[in-house]
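To start, the structure itself, in structure tokens.
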Amino acid sequence: MPPKEPTLTRPLRRSFVKGLLGSTSFWMVSGHSHWAEALAQEAQKPYQPTFFTPEEYRFVEAATERLFPQDQHGPGARGLGVAEFIDRQMESPYGHGDNWYMSAPFVQGPANLGYQLPFVPRDLYQKGIAGLEAYTRQQHGKSFADLRAPAQEQILTALEGGSVSLGDIPGRVFFEQLRTNTMEGAFADPLYGGNKGLGGWLMLGFPGARADFMDWVNQDGEAYPFGPISISGETA
């Protein structure tokens, strides 16, 4: 019998957003209005993944929902379109690691030296999902997306704790990649595929891409009276 995996501790939703300001979760881009409108129209269409296979996409949807579940504060990752956001990322320069230094040798060093593996995000996802699906089938006889939520949480907890190896990829590395992209998808501008209906910003009380809200800075707890607005002009 394999050792019993620990139970995932559900952190409060608000703890996820600590320190988000200044991170890639709040991408603000400049550009022409027709560019923003075109992206907004594209985002309204039923989404078909272009990078992930259907089974990989099922995993991403299920895993991100466990990392950011729906609760009384608002929608979870599934409702916010986080899987779509990640799929779109994998077809971007980020997904291809275009600005990463990827020359050998690749030697695992101390944690303070940062990421040292020879895999760009696309590779991490493909290899990580394949490894975790193999582990899940070995332990439970099913794919990750077909498990009940408690079993999914146990697997993710084991992954975070480093007790699961995914071949060439340490389980903790894959977990951190997935968690980081989940947070980005929940809180980035909807133009990038996530934060559907600006639900992530509504949970934060974030004003979004408003041109000017300086009148409401340093108001000693005064509630901001306007809802968020996206780059394309979408409002909640």
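The values are calculated or read from the model by the stated rules, or taken from the named source; none is laboratory data. Keep in mind that this is a model prediction, so the values were computed, not measured. Using ideal geometry, Cβ is built from the backbone for each residue, glycine included, and neighbour counts are taken over all protein chains shown. These accessible areas exclude ligands, DNA and RNA; they are computed on the full protein's heavy atoms, side chains included. Shrake-Rupley method; radii C 1.70, N 1.55, O 1.52, S 1.80 Å.
Which order do PHE213, PHE144 take when ranked by solvent-accessible area (1.4 Å probe, heavy atoms of all protein chains), largest first? Could the numbers behind the result be given before it?
Numbers: PHE213 70, PHE144 0 Å².
Solvent-accessible surface, decreasing: PHE213, PHE144.
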Open item on the list: Under a crude label model (7 Å from the Cα following the beta-carbon direction), how far is PHE226 from ARG78 in nanometres?
Closed with: 3.5
Task: DSSP-loop GluC sites (Glu not before Pro) across the range 175-236, with at most 10 other Cβ within 10 angstrom - done: GLU222
- [ ] Report the calculated FRET efficiency for THR50 and THR235 (r = Cβ-Cβ distance, R0 = 25 Å), to the nearest 0.05.
- [x] 0.35
- [ ] Determine the gain in length on full extension of the stretch ASP212-HIS140; use 0.36 nm per residue of separation and subtract their C-alpha separation, reporting nm with one decimal.
- [x] 20.7 nm
Task: Mean separation of Cα contacts under 8 Å, 6 or more apart, over the residue count of the range 54-187: relative contact order % - done: 30
TODO: Could you list which residues have their amide H under 5 Å from that of SER165, counting only those 5 or more apart in sequence or on another chain, with H placed in the peptide plane?
DONE: none
Open item on the list: Tell me whether the range 54-187 comes out rounded, prolate or oblate; compute the Cα gyration tensor, take square roots of the eigenvalues as a ≥ b ≥ c, and use a/c under 1.5 as the rounded threshold.
Closed with: oblate
